[in-house]
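Throughout, read-outs are computed from the coordinates displayed, never taken from laboratory work. Computed from a predicted structure; not experimentally measured.
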Amino acid sequence: MQKNSPGAMTWKKSFAASRTRMAAPTASPATRLWVREAFRFPASLDHLSPSVCGDKALDAGYRTPWAPTQFEADGSRTGEWRGFDTPPEKTKPGKLRPGIHMPRWASRIALDIKAVRVERLQDISEADALAEGVPHSLNLPGGRFARENFEHLWWTINGDGSWDSNPWVWVVEFERAQAHKEI
């Protein structure tokens, strides 16, 4: 590994007459990641950015940034959803906000990185394909094995010849953190 700039690592190895250079992930084992997802705050907060919502909670005396949050994936909510509109009406969810705008304090899922390695795409195992979320299925175009279905998914996303080029890829293994703690 060779450090090129602060926070950026590259991996370099000679293959016959060519050189391959890849930017490494900025995470390493024991790093905690937080997952961003589509969300909504109460409609009465629609005119505020997520960071301003958190700042307003701090200004109001809360010890940490906070706002009632509804997660689009399953509709679950955090916090008290009363009192943001005229009582006794229950607050309505506001505009849909894409995950890219989710502040860290609103995230409900944290992941702990367990391992980081580089390997050739076609070295993916059946277990790794299953871990990627690709099922065994006779109904999928790839075949009945998860690895075959992963291959099919790869070329539908990345185009013809992308699987055959067998690029080097970063494999980042992680598990869901047991409790959401300060990240």
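Extension gain for the segment VAL35 to LEU111, taken as residue separation times 0.36 nm less the Cα-Cα distance, is 26.6 nm to one decimal.
Karplus-based coupling profile of the range 38-46, in residue order and whole Hz: 4, 8, 9, 9, x, 4, 5, 9, 4, with θ = phi - 60° in 6.51 cos²θ - 1.76 cosθ + 1.60 and x standing for Gly or Pro. Computed on the range 39-135, with alpha-carbon pairs under 8 angstrom and 6+ residues apart, the relative contact order is 30 percent.
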